[in-house]
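The structure under discussion appears below in the form of structure tokens.
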């Protein structure tokens with residue numbers, strides 16, 4: 001169930017972030033991404049606490065990405081990590097370039 005749930009959310013032409021709504025790092029990640037000009041429907045925040053399988057989802061995210069913490073940020077099929085990784089990409093100018101290359105920005 002957890003594997004199917006996670007895999008069904010990740011798409012090559014989309015940015016998907018697995019979050020818990022009470023997590024301060026998730027909120028910071030949402031703030032960073034919500035200030036970018038995404039095309040409609042190409043940015044999705046997935047609240048893993050809205051399912052009964054939160055722990056199983058985090059276990060699968062660990063198998064998939066090497067970490068079970070949230071947020072887990074996927075640029076297409078590529079997991080870039082969490083909030084600090086996103087901030088690093090933003091600060092060095094790489095985030096905008098990667099999002100443009102992915103074709104998700106207006």
Inset, instruction - Using only the Cα atoms, work out Rg/Rh for the range 42-82, with Rh taken as the Kirkwood radius, to two decimals. - result: 0.95
Legend entry - Fewest-first ranking of 16, 6, using other Cβ atoms within 10 Å as the exposure measure: 16, 6
Legend entry - Relative contact order (%) - criterion: Cα under 8 Å, at least six apart; region: the chain: 36 percent
Inset, instruction - Kindly state, to the nearest 0.05, the FRET efficiency for residue 101 paired with residue 51, given R0 = 41 Å and r defined as their beta-carbon distance. - result: 0.85
Inset, instruction - Output the antiparallel fraction of DSSP beta bridges having both residues in the chain, as a percent to the nearest 5. - result: 60 percent
Legend entry - For a label point 7 Å along the Cα-to-beta-carbon line of residue 39, residues of the range 72-103 with backbone N under 16 Å: 75-77, 97-103
Inset, instruction - Please find, in a Gaussian network model of the chain (springs between Cα atoms separated by less than 10 Å), the residue of 15, 46, 73 whose mean-square fluctuation is greatest. - result: 46
Legend entry - Tail fraction, Cα-Cα pairs, the range 2-102, threshold 18 Å, whole percent: 41 percent
Inset, instruction - Mind pulling the angle between the C-alpha long axis of helix 54-65 and the longest principal axis of the chain? Nearest 10 degrees, somewhere in 0 to 90. - result: 50 degrees
Inset, instruction - Using only Cα atoms, find the angle between the long axis of helix 24-34 and the longest principal axis of the chain, and express it within 0 to 90 degrees, rounded to the nearest 10. - result: 40 degrees
Inset, instruction - Please identify, among 81, 66, 13, the residue showing maximal mean-square fluctuation in a Gaussian network model of the chain using a 10 angstrom Cα cutoff. - result: 66
Legend entry - Stretchable slack from residue 84 to residue 59, in nm (0.36 nm times residue separation minus alpha-carbon distance): 6.9 nm
Legend entry - Full-extension gain in nm, residue 3 to residue 92, via 0.36 nm per residue minus C-alpha separation: 28.8 nm
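Values in this text are rule-based calculations from the coordinates and carry no lab data. From a predicted model like this one, the values you see are computed outputs, not experimental measurements. Here Cβ is always computed from backbone atoms with ideal geometry, including for glycine, and neighbour counts include all displayed protein chains.
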